[in-house]
Amino acid sequence: MYLLVTGFYAFLSHLDYLYAAVAAYLCGCFNGALFTSRLFFHDDVRTHGSGNAGLTNFYRTYGAKYALGVILFDMGKTVIACLIGGAAFDYLAGDWMLGVLLGGLGCELGHMFPVFFGFKGGKGVLVAAGAILAIQPVLLPFLAIIFLVCLIPTGMVSLGSVTMAALYPVLTIIYGSLQGYTAGDMLVCAIGSGFMSGMVIYMHRANIQRIREGKEYRFGKHNKK
C-alpha cells in the first residue's frame, strides 16, 4: 500500500511537468501571422504566397504596417512560455534553465504544428528569437548581424534564417563558457539550442532546396519562373 501511494504521488507530481509542457505548446499555437491576418484583414495568410504562417509571407502579402505586431506577438508568447516552464521546473526540481528551454521548445512545436489550425503553422524563427530573448538576450545582436550579413548581399531571408539557426548552438556554447555555466547547464543549453536550431532548419528544408536550385525568393524581387 505504501508503495502504491508513493507511486501515485510521484505520478501526480510528474503531471505538473506535463501541464507546463502543454501550456507552453498551447502558447505556441496562437500564431501571430494567423491572428493578425484574421483580426485586421479577415483573411488567412496561409492562402497567399508560400502558404506559410510566418513573418516573411505575412510581410509579402499585407505589407510592413502590421508586421511589427506579428513580431511582438510571436516573441512575446515565447517569453511567456519560457517563463511558465522556468517557474514550473524551478519550483518542482530547482532547474530553471531546463524549464525555460523546454518551455521554448514546447512553444516552438505549437507554433510550427498548431492544433487549432490543422497543424500548419510557421517556421519558428521568431519563436526561437523569443526563447533567446528569455534565456540569453545578449546573443540577439550577434544573431541579428549574422542574419543581415546573409540577407543584404543575397536578398534571401531564408538563407539568413538558416545560417542564424545553425550558428545559434555555437554562440550558446561560447556564451556559456564565458559565463562559467556548470556542466549541467552547459549540457542543457547545448542540447536545447541544438534541438531548436534543428527544428528551424528542418522547417526551411524546401527553402534550402530552392537555394540550391537558384530559385529562392529574393527580398524585393519577383521569383524566377
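The values are calculated or read from the model by the stated rules, or taken from the named source; none is laboratory data. Predicted model, so just to flag it, every value in this text is computed and none were measured. FYI the Cβ positions are ideal-geometry reconstructions off the backbone, even for glycines, and counts take in every protein chain you see. Please note that ligands, DNA and RNA were not included when accessible areas were found on the heavy atoms of the full protein model with its side chains. Shrake-Rupley method; radii C 1.70, N 1.55, O 1.52, S 1.80 Å.
For the chain, with all protein chains present and a 1.4 Å probe, just round the carbon and sulfur fraction of the accessible area to a whole percent. After summing per-atom areas, the C and S share lands at 72 percent. Projecting the Cα atoms of Leu171, Tyr181, Ile211 onto the charge dipole of region 158-225 (Cβ charges, centred on the Cα centre) puts Ile211 farthest toward the positive pole. Shape class of region 126-225 from the Cα gyration tensor (axes a ≥ b ≥ c, square roots of the eigenvalues): prolate, since a/c reaches 1.5 or more and a/b is larger than b/c. Mean residue ellipticity at 222 nm, helices only, the chain: -25500 deg cm²/dmol; runs of at least 4 DSSP H residues each add -39,500 (n - 2.57), and the sum is divided by the number of residues. Subtracting the Cα-Cα distance of Thr154 and Phe41 from 0.36 nm times their residue separation leaves 37.6 nm of extension gain.
Of the listed residues His204, His42, His48, the order by accessible area with a 1.4 Å probe, largest first, is His42, His48, His204.
Note on Phe119 and Tyr17: the extension gain reaches 34.4 nm, defined as 0.36 nm multiplied by sequence separation minus the Cα-Cα distance.
Taking a ≥ b ≥ c as the square roots of the Cα gyration tensor eigenvalues, region 10-123 comes out prolate, since a/c reaches at least 1.5 and a/b is larger than b/c. Accessible area per residue was computed with a 1.4 Å probe on protein heavy atoms; Met75 scores about 40 Å². Per-residue 3J(HN,Hα) values for region 28-38, derived from phi via the Karplus relation 6.51 cos²θ - 1.76 cosθ + 1.60 with θ = phi - 60°, read x, 5, 7, 7, x, 5, 5, 4, 5, 5, 7 Hz in sequence order (x marks Gly and Pro). Length gained on full extension, Ala166 to Phe142: 7.3 nm, using 0.36 nm per residue less the C-alpha separation. For region 27-106, the list of trypsin sites (Lys or Arg not before Pro) that fall in a loop by DSSP and count at most 15 other C-beta atoms within 10 angstrom reads Lys65. Phi-derived couplings, Karplus 6.51 cos²θ - 1.76 cosθ + 1.60 at θ = phi - 60°, listed residue by residue for region 147-164: 4, 5, 4, 7, 6, 4, x, 9, x, 9, 4, 5, 5, x, 5, 5, 5, 4 Hz, with x used for Gly and Pro.
Rolling a 1.4 Å probe across the protein heavy atoms gives the chain an accessible surface of 53 Å² per residue. Between the listed residues Gly160, His111, Ser197, the Cα displaced farthest toward the positive end of the dipole of the chain, a dipole computed from Cβ unit charges relative to the Cα centre, is found at Gly160. Taken one residue at a time, the phi angles of region 193-209 give Karplus couplings (6.51, -1.76, 1.60, θ = phi - 60°) of 5, x, 5, 4, 4, x, 5, 5, 5, 4, 5, 9, 4, 5, 5, 4, 5 Hz. Gly and Pro are set to x. Charge tally around Val127: other residues with Cβ under 10 Å, Lys/Arg +1 each, Asp/Glu -1 each, net 0.
Considering only alpha-carbon pairs that sit under 8 angstrom and 6 or more positions apart, the relative contact order computed for the chain is 18 percent.
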